[in-house]
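The values are calculated or read from the model by the stated rules, or taken from the named source; none is laboratory data. Because the structure is a prediction, the values reported are computed rather than measured. We place every Cβ from the backbone using ideal geometry, glycine too, and count neighbours over all the protein chains shown.
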Amino acid sequence: MANPDRFLSITKPITHVIFDMDGLLLDTEKFCNEVQEIILGRYNKSFDWNVKVKMLGKKALEAARIFVGETGISEFLSAEQFLIDREDMLQALFPKSELMPGAGRLMRHLHAKGIPICLATSSHKRHFEVKTQRHRELFSLLHHVVLGDDFEVKHGKPSPDIFLAAAKRFEDGQIDPCNILVFEDSPSGVLAEALNNVVSCLNIDELEYDVELINVWWLGLLLWSLIQGWIKVFRSYRIRF
């Protein structure tokens with residue numbers, strides 16, 4: 001197994017940055033939740049956070065299968081039909097997407113400092129276009145964008161496919177993975193709004209060969225989020241760190 005210390009620590013200068021999008025740069029998760037609640041309401045069901053966690057970061061059809069299966073509506077609604085039923089509602093809501101606090105400032109700062117930035121999002125092209133239509137200028141700062149329906153992304157997160165594709169498309173050629181910083185708000189999404197967004201150094205190269213390392217990273221991300229949450233609690237009681 002790869003050395004997790006190497007994986008979780010940042011020991012080299014950061015030269016390139018990869019961003020996730022939904023819930024990190026754009027406040028879009030609330031729209032998905034709203035639409036899913038509407039659909040479940042037709043069957044007297046409600047949307048459970050545990051189901052959301054399993055769906056986050058997955059490709060559309062995979063997430064849809066989890067949704068209809070975990071909520072117990074698969075006998076009434078197929079995953080494919082769920083995607084069709086939700087589409088008009090999402091198309092109406094996504095153009096209203098707002099930037100998450102500080103997202104624009106961070107992207108502009110990195111761009112101004114000459115640090116190449118790119119996007120690795122599970123959103124497919126059609127949704128990406130409507131989500132970002134009010135923020136074209138900001139997203140034009142990205143060196144490139146890798147979407148969930150990209151030909152190189154065979155599997156959704158936590159598979160490293162999307163990060164591997166994003167990393168190799170920087171014009172600098174082969175980049176040491178330890179020089180790449182990945183901004184991801186959740187392990188395949190996890191913890192989302194409950195705790196602070198997390199900045200992690202994702203060792204992309206090793207992820208391609210070591211499946212166990214994926215779990216190490218998600219576990220490290222979870223533990224770091226919990227630590228940050230407790231620090232906030234202690235600070236509220238004026239305990240210094």
Looking at the stretch 145-166, can you tell me whether even one residue there is at pLDDT 85 or above, surrounded by fewer than 18 Cβ atoms within 10 Å (Cβ to Cβ), outside the structural domain of Asn50 (by TED's automatic domain parsing) and assigned to a helix (DSSP H, G or I)? no
Positions within the stretch 102-132 being in contact (Cβ under 8 Å) with a residue 12 or more places away in the chain, more than 17 Å from the chain's Cα centre (by Cα) and not in a helix (DSSP H, G or I), in sequence order: Ile115, Pro116
Tally time: how many residues in the stretch 16-35 are more than 15 Å from Met55 (Cβ to Cβ) and among the aromatic types (Phe, Trp, Tyr)? 1
Looking at (1) part of a loop (DSSP other than H, G, I, E, B); (2) within 22 Å of His16 (Cα to Cα); (3) modelled with pLDDT of 95 or more, can you tell me which one Glu137 breaks? (1)
Residue match in the stretch 95-115 (condition: within 23 Å of Trp49 (Cα to Cα), of a type in the set (D, E, K, R) and buried (at least 19 other Cβ atoms within 10 Å of the Cβ)): no
Scan the stretch 1-28 for residues that are at pLDDT 80 or above, crowded, with 19+ Cβ neighbours inside 10 Å and not aliphatic (A, V, I, L, M) and jot them down. His16, Phe19, Asp20, Asp22, Gly23, Thr28
Verdict on Leu25 being of a type in the set (A, V, I, L, M, F, W, C) and within 13 Å of the chain's Cα centre (by Cα): yes
Report the residue count in the stretch 67-82 for those that are crowded, with 17+ Cβ neighbours inside 10 Å, free of Cβ contacts under 8 Å to residues at least 40 places away in the same chain and not in a loop (DSSP other than H, G, I, E, B). 3
